[in-house]
Each structure stands twice: as C-alpha cells, then as structure tokens.
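Below is one structure, written out as structure tokens; comments come after it.
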Amino acid sequence: CLMQLCSPVAEKTGKVLGEFCRCYKEQYGVALFNSVRYEIEGNGGPQAQLLHRKVPLEDHVIYSGNLFQYIEENKKWRNRFCVVPHNYGLILYENKLAYERELPPRVLINSAGYKILTSVDQYLELVNSSLPGVTPKSGHSPILKCPTDFPLILWHPYARHYYFCVMTGKEQEKWRAVFQDCVRHCNNGISEDSKVEAPAFTDAVRMYRQSKEQYGTWDMLCGNETQVLSNLVMEELLPELRTTISPRLKGKAQERQRTWIQISDTVYRMVYEQTKAQYDAVMAKCEQERPQMESTIRTDMDQIITSKEHLASKIRAFVLPKAEVCVRNHVQPYISSILEALMTPTSQGFAEVREVFFKEVTDMNMNIVNEGGLEKLAEYMEKLSHLAFHPVKMQSCYEKMDQLKLEGLQQRFDVSSTSVFKQRAQIHMRQQMDDAVHTFETLLHQDLGKQPGKDDLCKSIQRILERVLKKYDYDSSTVRKKFFREALLQITIPFLLKKLAPTCKGELARFQELIFEDFASFILVENTYEEVVLQSVMKDIMQAVKEAAVQRKHNLYRDSMVMHNSDPNLHLLGEGIPIDWGEEYSRQPEAEPAADKRRRAKQVVSVIQDDEGVLPYELQPSSPEPREPDPGAPPSSPDGVEEIREVLAKESLGDGVEAKERLTNGASVQHAAPASPKPRASAPSEARVPHATPPSPAPGAETPSPSVGLACHQPSDKETGKEVVPPGGKCSPPQPMGTMESGEGVQTEF
C-alpha cells in the first residue's frame, strides 16, 4: 500500500513545491530590495533601553529527568531519561547511565507543530476526528491506555505521536511547562535575523495560500522552513490520502486508527525529504543570483523607487475608494473590540513578567542580607541569569495569554485559532525578561568593581533594580504597542483582501505594463496592491493604539514620550564578554581544567523534589528484551500497564524498601552493577543515597544543580527525519512504520 503511494505523493509534493518556489523567487527580489532600501534610508523605531543578550543559553541544559514512554512497536511502557538542551530538542535516552556514558540516544524530537495534551480523552477526541467514520464502539479498549493518571501526550496532525506519563501531578505540571517551552521555541523556527530569506519565505507562503483562496491565519506556520513547507504540502495531500486509504484499512477501529497514524507519519517523512532537497536547491539558486540583483538595486535605487511610487498611485486610485468603504463598514467598528481583547491578557502577562523579576531580585537581596557575601551573590546570580528560560517560573506569565479569546470576532475575521498570537506574545515576554535580567546583571557587575560592603551591596541591588524596572516599563510598552499593531493587521488585512478579491483582483493584471522590465524582479503588482490595502486600514489601527496609550490603558506609554538614554555607556558594556558569576565570585579549591569547563553544562530547572518522598522509577528489573543485554545497564522499568499498576500498589502499601536503597528521584541504587568508566562530567544531583545527602530543602525551593555532562548527540534545529545508524552498525532498509524498540538505531524526529 505504501509502495503504491510513493509515486502519487512525490508527484503531488513536486507540484505544490513547484508553485511555491515560483512565489519564493518573486518574493526574494522584493525582500532584497526592501532590505537594501531600509539599510540606506534607516527609519528605525524607538531605541531599546534594555540590553539584548546574544547567546542566552550557551552550554546550559534546560531540564533533565525520568518519565515513562509508551513504545508502540512492542506496546509496552519504558522508563526513559529525557534531556532538554539549550536548543529545546527533546532527547530520550535508555536511562541516565546511557546519558552519562554518552551513548547514542533512543529518540530525538523536534516538537514544532505539536500540541501538549494532559488527558487521554483529549487525545482520543483528536484521533477520532482525524479519521472520520472510524470510532471505537463504547466498551471497547481505546487506542491508548495510561498506567497513571498523569499522561503527557505529544500530538501532531501529520507526524508520529509520543506518549509519556509520570507519577504525580507536580511532575506532570513541570514536564508540561518544559514541553510547552520546547514547542514554543521550535515553532518559532524561522530566524528573524535573516532580513531577506525570512520575509521572502513567509510572504511566499501567504501568497501561495491566497492563490488557493485561503486568506486567514494558519496554525501550521511553525518550525523551520522545511517543516512549514511539509505542512503546506500535507494540508493539500492529507484529504486526498484519507479518501484513498480509509476504505482499504482493515481490522478493529483501534487498529485502523493506529495504522492511519503510522501511514500519515511515513508520508510526512517522504514529503519532508523531497521538500528539503527542492527548497535547498531554490535557495542556492537565489543566493547565487543575489550579488547581481543587489548591484542593480544599489545602482538604480532612485529609479526603482520612482517606478514603484508611480505604480502605487495608479493602483491606489483604483483600489482605495473600494477599500475605504470596506474598512468603514466591516472593519472599523470592530478594531477597538479586537484591541481590547488583545490588550488585557497581553498586558497582564507583561505585568507578571515584571512582578516575577522584581520578586526574584528582592528575594535574592534579602537572602544576601541574611547569609551575606559575594559567594552567595554569585550563586543567586547564576540562577537569576537564566530566569527567562525557566519554564516553571515563567509559566505564570505565559498562562495569562490563555485568557485571549476573540469570541465572535474570530469567526467574522476568519481567524482559525488564537494560538498564533498567544505564542508570539509569550516569546516577547521571554525576550523582555531576559533583556531585563541581562541589563540588571551587567549594571550590577559594573557596580561590583567598586567592591561594596554588604550594606552597600544591598543598596546597590535595590537602586539598580529600580533603574531596570523603569527601562523595562518603557521597552515593554514599545514591544506591546508594536505587537498590537501587527496582530490587528494580521487579523484585518486577510479579511479585507478576501472581501476585495471579487472586484479588484481580476483587474490587477493591467497594471503590469507600468513596471519597467529591468525592475520587474523588485516590484510586484500583487505586493503593491496589498500595500495599498494596508494603508487603507493602518490609520485606524494606529489611532486605536494611540488612544489606548493616551488613556494610560494597561500602562502603555504615549508615542510622544521618548525615554532618553540615561546610561550612554550601557550598550557598550553589553557587548563585552559574558559574565560567569560562578567563576568570578565563587571560591573554589582549585581551578577547573579548560577541557572540563567546555564540557560542563549547567541545568536551568532543578530536578523534582517530591514532597512525599520517592517516585517508584525502575523499582525492579523486568524480563529481558530479546536482545543482548548491556552488562553495565541498570535494571529496566516495569513493562506493561498492569505491571506498573502492581508496582504502584506495592509502593502505596508501605515501606517495603529500605531508605538507603532509595534515590531522591526514584531510581534504584545499582549495588550489583559492575564498575563503569567515570563520565567526563557529572549529571544533575537527582541520584544521591539519602544518608549521604544534606537535609532536603523546603517544598518548592530550588536546589542548586551541579554540572551536567553534555551528551555527544544533540538535535539540530533542522532535523532530517532519518534513522541514524550508530558507529559500527549496518544500514538497514527503511522501516516505514518507525524504529523498533529493540533496534540499535536512533529515531530522529522532526
């Protein structure tokens, strides 16, 4: 069945990509012209007051810990050690020992496009809707059973699904926050640093979808360019595939659903591989032509601008009267409602960012008063410096955006989902938090050069905190106003284009003759038409945001209020060498070797300290798998649902296991394991024998996390979806249904 699909899938993918690549080449020239023009003319906005950190998470791990994963191939649950590195990939190892020994991971997951579900019912609802007409009868076993009440499911409309579970609600909340941060980061996969390729790509996607009469926001514009294009192909391919495949699926409803998910994943991989090759080829061709195009732009800039303005005046005379009527009747009455719906949760989220930052610095200051010394300051600053990337502490800020609802406006303006705006606002929150923290630590580090005493140090911290908060208020106001304007345009412009299409779009071809042939690569009638439509509504949008600022709604500054730079040398300080608080201010008995320091990776989020004691991970060895056992590996986890439930029941009956045989995060002590080579760097302190550990911290307190050895395998931001063969292994034929659990290969996901 899959072999028969290869040819139609390749043909459909090639057709979609052919049309897209034509759009991309057109948009590339326009984006290059806009970039060069901006470079020459300037026209920047207000100067940011806070400093921006270039490499925030270098050599850091976001989080690592144990959780159970359901393996579809053998229908068993396995304990896995999951590591989330600085690039937010999810890396799953056989166990913690495999990670410390730098053995190849089991799975690498790029979570772009995934949704995090914490309920099996939510998952079953999505699965049932993905294959209409195939729903298990009531009383029959569902497609998935979870052995605990705390599942974590990664669902994707096209790619493979991942099933995890943990033992407590506290663990579930922490892992959910971590997973959501991964999705948020990976969804934002198109680099904004690219001033030509990124706008050319996003405009090409928009133009392609509009050519198919799809004008609204698109939820699957997430991930890197290849992932977005794969989603674009699958959006058209999947309905055809479902019509062809669905009648041919055999077995019970659960089996048909499972087979459909596997087929969809296999087709998605095929599409991804073909898309990557074709997109890379068109990118290379555009890059090759760029020097000549840029030379023409710089030489003929004035003539190109004059030609474009002449074209815009003709289109404006034709379109603007119709557009203004449409704006007046269908858009203007709703702008204030949309703005209010956006402002309330967004401003609450930014206010929460301010509150969290204030609380963390104030708590640090009080602790320094009580405990004293620069050593304690270094310890606290090491944690504070990565506050923006702490998923759990930032969760209270991100949650404010869950209140965003456009109600009837969403249907009126064809907004499929508010998730696009939620994630964008959350990314702004994280960036503003990191800017505030980085500015604070830069100013504090400068002040420490005066060698203040304890009292003077606390006063300095308070004074610097107040300065940074003023800068934060100004920058957050600027960022929010820009976000509101962009969101309003993103909602209203597609609506206007759709409304005007019947009367305007067919007439645009006659304006093509107004463009000189030499400039046809840099001026497009379609883009100029959209700019005219944008101008028709921009005045109303700017006025609405301005009025909100004048009324001091949600702590927005007026546009006329310009905060002059009170720290003229601050931006020069921010360009210096990154501050290493631990190295500069902690007294260590001996210097760390340079090689070990390079391998060291600190963890942003501490390991879970459960209030009720130990979590029963890997409590007893299970029957061996049908493969050669690793003599150095620890006992494996319980296999099936019933075995895990039995273990949980035994655990809840009493203290059958002695305290000194338990670990702080639930892994069993390896008494019988043979001596293993010492890892190059230590892992997070989650495996300590109780009699050797210091007293436990108060519930909810952060525990200082020691170094974490960097694994040899980390997913890149652009995964290929191929199975990685370990050193010495043989290449096996492709397995369309996924990598078997007993295989020695590494499954690399999107």
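Structure data summary
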{"item": "Pick from the stretch 144-159, criterion in contact with a helix residue (DSSP H, G or I) (Cβ under 7 Å, 6 or more places away or on another chain) and outside any strand (DSSP E or B), ranking: most open to solvent (accessible area, probe 1.4 Å)", "result": "Lys145"}
{"item": "Residue that is surrounded by the fewest Cβ atoms within 10 Å (Cβ to Cβ), among those in the stretch 400-418 that are touching a Gly at 6+ places or on another chain (Cβ under 9 Å) and of a type in the set (A, V, I, L, M, F, W, C)", "result": "Val415"}
{"item": "Scope the stretch 116-139; condition open to solvent by less than 50 Å² (accessible area, probe 1.4 Å) and either modelled with pLDDT under 85 or part of a helix (DSSP H, G or I) (or both); matching residues", "result": "Val120, Tyr123, Leu124, Leu126, Val127, Asn128, Ser130, Leu131, Val134, Pro136"}
{"item": "Set Asp265, Asp193, Asp219: member being over 26 Å from Glu73 (Cβ atoms), touching a residue at least 24 places away in the same chain (Cβ under 8 Å) and among the acidic types (Asp, Glu)", "result": "Asp219"}
{"item": "Filter pass, Phe358 being under 22 Å from Ser477 (Cα atoms), of a type outside the set (S, T, N, Q) and open to solvent by less than 40 Å² (accessible area, probe 1.4 Å)", "result": "no"}
{"item": "Yes/no for Tyr70 being buried (at least 19 other Cβ atoms within 10 Å of the Cβ), out of contact with any helix residue (DSSP H, G or I) (no Cβ under 9 Å at 6 or more places or on another chain) and either among the polar types (S, T, N, Q) or part of a strand (DSSP E or B) (or both)", "result": "yes"}
{"item": "The stretch 409-423 residues that are under 19 Å from Leu497 (Cβ atoms) and touching a residue at least 60 places away in the same chain (Cβ under 8 Å), paired with ones that are of a type in the set (A, V, I, L, M, F, W, C) and open to solvent by 70 Å² or more (accessible area, probe 1.4 Å) (beta carbon under 8 Å, 6 or more apart)", "result": "Val420/Leu221"}
{"item": "Failed criterion for Glu102 (all others in (1) more than 24 Å from Ser194 (Cβ to Cβ); (2) assigned to a helix (DSSP H, G or I); (3) touching a Lys or Arg at 6+ places or on another chain (Cβ under 8 Å); (4) not hydroxyl-bearing (Ser, Thr, Tyr) hold)", "result": "(2)"}
{"item": "Residue check, Phe483 in contact (Cβ under 8 Å) with a residue 60 or more places away in the chain, crowded, with 22+ Cβ neighbours inside 10 Å and of a type in the set (Phe, Trp, Tyr)", "result": "no"}
{"item": "Flag if Lys393 is out of contact with any Phe, Trp or Tyr (no Cβ under 6 Å at 6 or more places or on another chain), more than 19 Å from Tyr472 (Cα to Cα) and of a type in the set (Lys, Arg)", "result": "no"}
{"item": "Residue match in the stretch 321-329 (condition: more than 27 Å from Lys499 (Cα to Cα) and without any contact (Cβ under 8 Å) to a residue 24 or more places away in the chain)", "result": "no"}
{"item": "Candidates Val353, Val369 - the one that is assigned to a helix (DSSP H, G or I), open to solvent by 40 Å² or more (accessible area, probe 1.4 Å), aliphatic (A, V, I, L, M) and out of contact with any His (no Cβ under 6 Å at 6 or more places or on another chain)", "result": "Val369"}
{"item": "Of the criteria (1) part of a helix (DSSP H, G or I); (2) under 29 Å from the mean Cα position of the chain (by Cα); (3) within 30 Å of Glu235 (Cα to Cα), which one Tyr88 fails", "result": "(1)"}
{"item": "Flag for Ile261 being within 19 Å of Leu126 (Cβ to Cβ), open to solvent by less than 10 Å² (accessible area, probe 1.4 Å) and out of contact with any Gly (no Cβ under 7 Å at 6 or more places or on another chain)", "result": "no"}
{"item": "Hits in the stretch 57-75 (condition: among the β-branched types (Val, Ile, Thr) and farther than 17 Å from Cys182 by Cα)", "result": "Ile71"}
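Residues checked against (1) more than 30 Å from Glu517 (Cα to Cα); (2) part of a helix (DSSP H, G or I); (3) open to solvent by less than 30 Å² (accessible area, probe 1.4 Å); (4) not polar (S, T, N, Q):
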position: Met270; (1), (2), (3), (4): yes, yes, no, yes
position: Asp280; (1), (2), (3), (4): no, yes, no, yes
position: Gln288; (1), (2), (3), (4): no, yes, no, no
position: Thr306; (1), (2), (3), (4): no, yes, no, no
position: Asn329; (1), (2), (3), (4): yes, yes, no, no
position: Thr362; (1), (2), (3), (4): yes, yes, no, no
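One line per residue, one yes/no per condition, for (1) among the aliphatic types (A, V, I, L, M); (2) more than 24 Å from the chain's Cα centre (by Cα); (3) not in a loop (DSSP other than H, G, I, E, B):
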position: Gly29; (1), (2), (3): no, yes, yes
position: Gln49; (1), (2), (3): no, yes, no
position: Ser64; (1), (2), (3): no, no, yes
position: Trp77; (1), (2), (3): no, yes, yes
position: Cys82; (1), (2), (3): no, no, yes
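Okay, residues lined up against (1) out of contact with any helix residue (DSSP H, G or I) (no Cβ under 8 Å at 6 or more places or on another chain); (2) of a type in the set (D, E, K, R):
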{"position": "Cys286", "(1), (2)": "no, no"}
{"position": "Thr299", "(1), (2)": "yes, no"}
{"position": "Thr306", "(1), (2)": "yes, no"}
{"position": "Phe318", "(1), (2)": "no, no"}
{"position": "Lys322", "(1), (2)": "no, yes"}
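The values are calculated or read from the model by the stated rules, or taken from the named source; none is laboratory data. Because the structure is a prediction, the values reported are computed rather than measured. Cβ: placed from backbone, ideal geometry, glycine included. Neighbour counts: every protein chain shown. Keep in mind that these areas ignore ligands, DNA and RNA; they rest on the heavy atoms of the full protein, side chains included. Shrake-Rupley method; radii C 1.70, N 1.55, O 1.52, S 1.80 Å.
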